[in-house]
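These notes are about the structure you will find just below.
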Amino acid sequence: MHRKCLIAGNWKMNNGLSESVSLVESINKRIADMRDVDVVVCPPFVSLSDVYKCIKQSLTMLGAQNMYPEAKGAFTGEISYTMLRDCGVSYVILGHSERRQLFGETNEFINRKVLAALSNNLLPILCVGETESERESGETFKVIDEEIRECLDNISAAQSEKLTIAYEPIWAIGTGKTATPEVAQEVHAHIRQVLGDLFGHKIADSIRILYGGSMKSSNAGELLKQPDIDGGLIGGASLQATEFCKIIEIANGLE
């Protein structure tokens, strides 16, 4: 089944207002005519509105890096799905390994976020992946199975069609290490199998699964050629317009 490639840039805690606007303007100039790939940029919360003003007439879509699962309330420092929608956000990254490891987010809490996003017109990019020690001890599939099943608890088949999954081998994030195309494909295929068990294989075949472990222009081509890799969740490389656009150009050129 043909799935349109999705390239999403996770800027993490980088770029103030002027830097964010400058970066997205540079990206938009280069990819204006690339219609065979979906592009999402995920700036910090404080830059969302300004970035949206730059891209709202373009094909580039806006994503957020996180959200709280309530509409409003006494949750100091948090951002709700209603606030994100007001800023023009379409996608939201949930369950990123940094949120799990640094901020103690559990599968149950991430599940609340996924349900809230799907119920409020936001498209979740759910991140799953194993640590280096988990991979070395042969627990990769066990860890990913648990994350997918618990984070997608009570999601209906109809809702699941709006999901994107990002496989991020934690040992490859910001380390320069990258899973080989064959290793990444094996895990992506397994994720699709688990999704098939949950929602049926027809729906699973339509859900995009992104690779999120140090994808860059030098390895994007081989990764994106794999049958179950439908794009990339790009970290460091998304902070450089030229490098990010090269990845998009590679994805746009794939049949």
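Put simply, the amide H of V92, placed in the peptide plane, has neighbours under 5 Å in A64, L123, I125, leaving out anything fewer than 5 places away on its chain.
Could you sort F141, F103, F109 by their accessible area in this structure, using a 1.4 Å probe and putting the largest first? Could you put the intermediate results ahead of the total?
Details: F141 75, F103 125, F109 45 Å².
Ranking F141, F103, F109 by accessible area, largest first, yields F103, F141, F109.
Relative contact order of the range 13-138: 20 percent, from C-alpha pairs under 8 Å at least 6 residues apart in sequence. Per-residue ellipticity at 222 nm, computed for the chain from helices alone with -39500 (n - 2.57) per DSSP H run of at least four residues, works out to -13000 deg cm²/dmol.
In a fully extended conformation the segment linking S18 and S218 would gain 69.1 nm over its present Cα-Cα distance, using 0.36 nm per residue. Extension gain for T106-S49 works out to 17.6 nm (0.36 nm per residue, less the C-alpha to C-alpha distance).
For D36, the accessible surface of its heavy atoms amounts to roughly 100 Å² (probe 1.4 Å, protein chains only, rounded to the nearest 10).
Screening the chain for whole DSSP H helices with an alpha carbon extent of at least 15 angstrom along the helix axis and a mean Kyte-Doolittle hydropathy of at least 0.5 yields 241-252. Of the residues W171, W11, the one with the largest accessible area comes first in the ranking W171, W11, computed with a 1.4 Å probe on protein heavy atoms. The trypsin sites (Lys or Arg not before Pro) of the range 177-249 meeting both criteria, a DSSP state outside H, G, I, E and B (loop) and at most 15 other C-beta atoms within 10 angstrom of the site's C-beta, are K177, K225. Our summary gives the range 149-255 a relative contact order of 29 percent, counting only alpha carbon pairs under 8 angstrom and 6 or more residues apart.
Nearest 0.05, what FRET efficiency do Q193 and E139 give at R0 = 25 Å with Cβ-Cβ as r? Once rounded, the FRET efficiency stands at 0.90. Loop-located GluC sites (Glu not before Pro) in the range 1-105 (DSSP state not H, G, I, E or B) with no more than 16 neighbouring Cβ atoms inside 10 Å: E70, E78.
The values are calculated or read from the model by the stated rules, or taken from the named source; none is laboratory data. The structure presented is a predicted model; accordingly, all values stated were derived computationally and were not measured. Please note: Cβ atoms are built from the backbone with ideal geometry, for glycine as well, and neighbour counts cover all protein chains shown. SASA here: full protein model, heavy atoms, side chains in, ligands and nucleic acids out. Shrake-Rupley method; radii C 1.70, N 1.55, O 1.52, S 1.80 Å.
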